């Protein structure tokens, strides 16, 4: 479903964020990308959602090179790949409900569909009663769940999560991870980038380890080993 | 943007004034060809016909010897000495002449050259182009220079206007950059993101044009009559009201184009993600 083929990303001659990275992800997989800060995890995800372009190599999604897509096709790709981030990227002046509805409005969905779907995803992430709260009135874990709900509302094929638990305490961390597992069990592919050793070891799923921009290990099930 | 539109409209009216002045000056320029006293009238008529056929010639006016003396007498009817001295002469001392007006001031040179080379040269006693040549050439030079500098000034003002409008819109876009990045992230198309800013640019243009007009009308009420008193050929107020819809339309179109263009440029960098 997703294939990185000899991908390199070089910002300048001294620093390469990614070096000749190749691996693929099958539909329905739950895969973790691990590595220290700066290992290239985020860059890899940015290449997939076409936020950045590779210096070399190709990134395929459903057999299409995403970097050969025309600009008007990219929004459709992004609706098939839901992205969540460490800093949530919620709009502070909108409520939880409006943040999720916004993603649907942007895609030109009709109002009736929005009114139907937003409560459903809010319920799915366990925030049925928090729809009218603004992000500042929510805890870190709740904010991240709103972000997950927003990513889910397009019924994406893939969820990419870039350090989604980086700002959360252990209890909230596990809430978010359990939610990701639930989403994966419902059939959505999940790519989780993290450097949280405990999560990786407890998940016991496929692990791709990165170090200095290169893949050093790809095991299924894998463990958090960096050396 | 209001100021820019005001300047543009001001330039437009200035151009009307300038063209008016230049046209009225240009219509006063002509070439007069004087024929020798014994030149037969049919030959002169032939010559007139030939000149009339030139593509550069707008019109010609033949003044026969008799008409010339009548004009002179009319002009100096109060001056008895002059009239008496004419009678003393016995014969008509005036030469027949042909006044030629070109379509454009720059064409007088080529007309004069043509006359110089015709077979009618032997009946011509004098062409006054040479005498007026410097004045004619200087005037046509002034005409073209003023038009060019008007154009350059308009372009400079357009550039400044775009810069100002661009920065205004950029500030608005900067304050919503977070929203834009989230929009892009959740799969908004570029046109969806641009839409509100283009709308904003359009409204900027429409309101600026409205403000510019509301400043221009009273200003014209003050300037117009003063202008009229020293340049009676050009009536700014009647020109303005005669063309008000075109001016409003042009001003609004310019404002909208400016606003939309600036929005499009300003938002470009935020759409690259």
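Where a number appears in this text, it was derived from the coordinates with a stated rule and is not lab data. Predicted model, so just to flag it, every value in this text is computed and none were measured. FYI the Cβ positions are ideal-geometry reconstructions off the backbone, even for glycines, and counts take in every protein chain you see.
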### chain A: relative contact order as a whole-number percent, Cα under 8 Å and 6+ apart
28
#### Entry: Principal axes of region A:92-218: Cα extent on each, largest first, Å
48, 28, 26
## Note on the structure
Over all pairs of different Cα atoms in the protein assembly as shown, the reciprocal of the mean inverse distance gives a Kirkwood radius in Å of 30.2
### Message
7 Å from Cα along Cα→Cβ at both residue B:155 and residue A:226: what's the point-to-point distance in nm?
### Response
5.8
### Task
Calculate, for residue A:5 and residue A:197, the FRET efficiency according to 1/(1 + (r/R0)^6) with r their C-beta to C-beta distance and R0 35 Å; round to the nearest 0.05.
0.75
### Task
Please give the helix A:96-106 orientation as an angle from the longest Cα principal axis of chain A, in degrees from 0 to 90, rounded to the nearest 10.
70
### Message
Angle check, please: helix B:129-175 long axis (alpha carbons) against the longest principal axis of chain B (alpha carbons), in degrees 0 to 90, nearest 10.
### Response
10
### Query
When every alpha-carbon pair in region B:30-189 is counted, what percent end up more than 26 Å apart?
56
### Query
Helix A:140-152 versus the longest principal axis of chain A: what is the Cα-based angle in degrees, 0 to 90, to the nearest 10?
80
### Task
Would you mind getting me the FRET efficiency between residue A:137 and residue B:257? Use the beta-carbon distance for r and R0 = 35 Å, nearest 0.05.
0.20
### Task
On a C-alpha basis, how far is the centre of region B:196-273 from the centre of region A:1-36 in Å? Whole number, if you could?
55
### Task
Kindly provide the Kirkwood hydrodynamic radius of region A:2-219 in Å, to one decimal, from all pairs of distinct alpha carbon atoms.
17.8
### Task
Grab the Cα-Cα distance for residue A:217 and residue A:36, subtract it from 0.36 nm times how many residues apart they are, and report the gain in nm with one decimal.
63.8 nm
### Task
Pairs of Cα atoms under 8 Å, at least six residues apart: use those to get the relative contact order of chain B, whole percent.
28
### Message
Given contacts defined as C-alpha pairs under 8 Å and at least six residues apart, what's the relative contact order of region B:30-130, whole-number percent?
### Response
52
### Task
Using just the helices of chain B, give the 222 nm mean residue ellipticity in deg cm²/dmol: DSSP H runs with n ≥ 4 each add -39,500 (n - 2.57), and the total is spread over all residues, rounded to 500.
-25000 deg cm²/dmol
### Query
How many nm separate the modelled label positions at residue A:182 and residue B:223, each set 7 Å beyond the Cα in the direction of the Cβ?
7.1
## Note on the structure
Nearest-0.05 FRET efficiency for residue A:27 and residue B:191 at R0 = 30 Å, using Cβ-Cβ distance, is 0.45
### Query
Taking only DSSP H segments of four or more residues, each worth -39500 (n - 2.57), what value at 222 nm results for chain A once the sum is divided by all its residues, to the nearest 500 deg cm²/dmol?
-10000 deg cm²/dmol
